[in-house]
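The values are calculated or read from the model by the stated rules, or taken from the named source; none is laboratory data. From a predicted model like this one, the values you see are computed outputs, not experimental measurements. Cβ: placed from backbone, ideal geometry, glycine included. Neighbour counts: every protein chain shown. Side chains included, ligands, DNA and RNA excluded: accessible areas come from the protein's heavy atoms. Shrake-Rupley method; radii C 1.70, N 1.55, O 1.52, S 1.80 Å.
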Amino acid sequence: MTQSRASKSFFHKHSLSLATLGVVLTLILLYLRADPSTHIGSFFGNAIADWTGVLVTVVMTKHLYEKGSRESKQPKGVAPSKTVEFLREHSLTLFLLVTGIGWVVAFGAMDPNSKWGQVVGNIVSEWTQIFGLVILTKKLIETHSKESR
């Protein structure tokens, strides 16, 4: 296999993750120069949080699990110990909890009305939504939804 075929294969296989990361980075760069008190500045700040949530959803649901959640793929096989199995079966929830706590701590240390305080506050909200969706989809369904089949 040639180098270019391998590179194309990588970019093809991860194009959604890379495109989403590109959107997040672009929004951060635009927000750095924006005034958050303007409509466009406010938009960039809010969009950073929204697209960061999309990035986490795309990447983490590809690699982590939540047993019983329709929003997560299910683990295959059994881990060598009950503890490792528990950590693997709930790795998505544990990731969201640990990183969510980190975002809450960061937000608590910031002025919520500052430029980046508003963004981090929105990220805390986004993390809460993603976490809630993962937990809710363990038991609840939506008729005619692909995930509820």
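Would you check which residues across the stretch 41-71 are closer than 21 Å to LYS139 by Cβ and either open to solvent by 30 Å² or more (accessible area, probe 1.4 Å) or of a type outside the set (D, E, K, R) (or both) and list them? THR57, MET60, THR61, LEU64, TYR65, LYS67, GLY68, SER69, ARG70, GLU71 - these are the residues of the stretch 41-71 that are closer than 21 Å to LYS139 by Cβ and either open to solvent by 30 Å² or more (accessible area, probe 1.4 Å) or of a type outside the set (D, E, K, R) (or both).
Of the residues making up the stretch 27-69, those that are in contact with a Gly (Cβ under 7 Å, 6 or more places away or on another chain) and in contact (Cβ under 8 Å) with a residue 40 or more places away in the chain are TYR31, PRO36. When you look at GLY108, is it modelled with pLDDT of 95 or more and under 18 Å from TRP51 (Cα atoms), yes or no? Against the criterion (modelled with pLDDT of 95 or more and under 18 Å from TRP51 (Cα atoms)), GLY108 does not qualify. With respect to the conditions (1) modelled with pLDDT of 90 or more; (2) crowded, with 18+ Cβ neighbours inside 10 Å, THR137 lacks only one, and its number is (1). A count restricted to the stretch 10-34 and to residues that are surrounded by 12 or more Cβ atoms within 10 Å (Cβ to Cβ) and either closer than 19 Å to PRO112 by Cα or not aliphatic (A, V, I, L, M) (or both) stands at 8. Of all the numbered requirements in (1) open to solvent by 40 Å² or more (accessible area, probe 1.4 Å); (2) touching a residue at least 12 places away in the same chain (Cβ under 8 Å), ASN113 misses one, and that requirement is (2). Annotation note: of LYS67, LYS62, LYS115, LYS76, the sole residue that is of a type outside the set (Phe, Trp, Tyr) and touching a Ser or Thr at 6+ places or on another chain (Cβ under 8 Å) is LYS62.
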